[in-house]
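Okay, so here's the structure we're looking at.
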Ligand SMILES: Cc1cc2nc3c(=O)[nH]c(=O)nc-3n(C[C@H](O)[C@H](O)[C@H](O)COP(=O)(O)O)c2cc1C
């Protein structure tokens, strides 16, 4: 059981990082191994639209994203965290999502049909964390939607969304009890989902071998 937390803020002690770390802590408590990725530490370029991945399902850009693909393909659960930057995700999170394009396989005859590689591998679980300054949720814009819909396209089921408004200065999330509780709930839920799935898989394996 592995959970990968991906922080899309450059502020390593910022609010997104605090809440993603809190979710990972809860997942660890539940028995999961965890990995924390700060996109700001890495060199991840945006997609060039070269479409070479249409045949290979691999990205031609040799940067730090190449180190993240194996984590995704091994079926780890993911927590994507981004601050709202002008009603959407941060530039780092946008680049990360664009680079997941190579993990989608489109039908040659009909581009409205696609299968995510994670979907084909059996699906995985995800949570999203959004941090924004205003108290009115409309100022979060499409931040949660961008991450949730992209994850779904890739084959993730998003089982929890943390929407933490009213947070501006780096570190404020440390004093926001409700947001910390929500983040913890995200980590706990991911672990619960993965455990349940293990149980179901074991049950099905027994049924198939004639020993339910
Ligand atoms: C470039 C930029 C754009 C922002 N745009 C918005 C916005 O559209 N809506 C909002 O509520 N907050 C906005 N904010 C505020 C951040 O979302 C907020 O400060 C958040 O707590 C930052 O999270 P972090 O500490 O993880 O970086 C913006 C901040 C920056 C730097």
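What to note about this one:
- Restricting region 5-19 to residues that are farther than 11 Å from residue 83 by Cβ and not in a strand (DSSP E or B), the residue that is nearest to the chain's Cα centre (by Cα): 18
- Residues of region 134-153 satisfying the condition of being more than 14 Å from residue 78 (Cβ to Cβ) and either away from the ligand (no atom under 13 Å from the Cβ) or in a loop (DSSP other than H, G, I, E, B) (or both): 134, 135, 136, 141, 142, 145, 149
- Residue selected from region 154-166 under the condition within 16 Å of the ligand (Cβ to nearest atom) and more than 11 Å from residue 129 (Cβ to Cβ), by the criterion surrounded by the most Cβ atoms within 10 Å (Cβ to Cβ): 165
- Residue within region 35-54 that is within 13 Å of the chain's Cα centre (by Cα), without any contact (Cβ under 8 Å) to a residue 60 or more places away in the chain and in a helix (DSSP H, G or I) present: yes
- When the strands (runs of 3 or more DSSP E) confined to region 64-133 are screened for residues that are within 16 Å of the ligand (Cβ to nearest atom), those reaching at least 3 such residues are found at 77-83, 124-131.
- Selected residue (criterion: nearest to the ligand (Cβ to nearest atom)) from residues of region 167-193 that are in contact with a strand residue (DSSP E or B) (Cβ under 6 Å, 6 or more places away or on another chain) and either under 24 Å from residue 77 (Cα atoms) or in a helix (DSSP H, G or I) (or both): 179
Residue-by-condition table, conditions (1) surrounded by 20 or more Cβ atoms within 10 Å (Cβ to Cβ); (2) closer than 14 Å to residue 39 by Cβ; (3) at pLDDT 95 or above; (4) more than 15 Å from the chain's Cα centre (by Cα):
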| residue | (1), (2), (3), (4) |
| --- | --- |
| 80 | yes, yes, yes, no |
| 87 | no, no, yes, yes |
| 91 | no, yes, yes, yes |
| 97 | yes, yes, yes, no |
| 102 | yes, no, yes, yes |
| 110 | no, no, yes, yes |
| 113 | no, no, yes, yes |
| 121 | no, no, no, yes |
| 126 | yes, no, yes, no |
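The values are calculated or read from the model by the stated rules, or taken from the named source; none is laboratory data. Bear in mind that the values here come from a model prediction, so they are computed numbers and not experimental data. Here the Cβ is made from the backbone with ideal geometry for all residues, glycine too, and neighbour counts use every protein chain on show.
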